[in-house]
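The values are calculated or read from the model by the stated rules, or taken from the named source; none is laboratory data. For clarity, every value in this text was computed on a predicted model and none was experimentally measured. Cβ placement follows ideal geometry from the backbone for every residue including glycine, while neighbour counts extend to all protein chains displayed. Ligands, DNA and RNA are stripped out before the accessible areas are found, and what is left, the full protein with its side chains, is counted by its heavy atoms. Shrake-Rupley method; radii C 1.70, N 1.55, O 1.52, S 1.80 Å.
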Amino acid sequence: MTELFDADWLLEEVPAEPEPEPAPAITESLVPSDIGSRSSRERCILAGLILNNRETATAWGAATSTVPNAEDVLFVDPRHRALVRGLLYMAGKNMPVDFQTLFQQLRKSRKLDSAGGAKYIAEHTLHYWCPANCRFHIETIVDEWRQDEAVKIGAALADDMNSCSAIAAL
């Protein structure tokens, strides 16, 4: 009598399933090369402004009310200056602001190249720049600027004193 159910196939050796491919390693293209740098802090501030982070806006307002040419102080990278100027223009016109609308505005105003081009702006959308600590970054940059200004003033005073001493010696 034949069996209705032949279980011999259960005893056959089944080839092992191939090992799953390992998860892709974090490559340098995924990790910004400037993490922890001034440029990285500038990108965090930009993200906060673009994402309309209230704390960033408050810190931005405080910085711009006490620091002359705040966008030049806060952004040393000329691409970031172009981006923030585009943002400020759009905000002043009550235009919606995100990376897409900023890209379109920069292209329309022929400022896209000075903002680093399409690829550079696209990098901002690929990397998540957390605006959570933007206030800290703004305050740190402003403090560094104030220290630099104090050093410049001190050096100018020292030069003036040396000049006065030279004149008095005559």
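Among 43-51, 75-83, 145-153, sorting by the average number of other beta carbon atoms lying within 10 angstrom of each residue, highest first, gives 43-51, 75-83, 145-153.
Under 22 Å of direct C-alpha separation, and excluding same-chain neighbours fewer than eight residues apart, Lys93 reaches these lysines: Lys108, Lys111. For the pair Lys111 and Asp77, a Förster radius of 25 Å applied to the C-beta separation gives a FRET efficiency near 0.95, rounded to the nearest 0.05. Apolar share of the accessible surface for region 60-156: 54 percent from carbon plus sulfur atoms, 1.4 Å probe.
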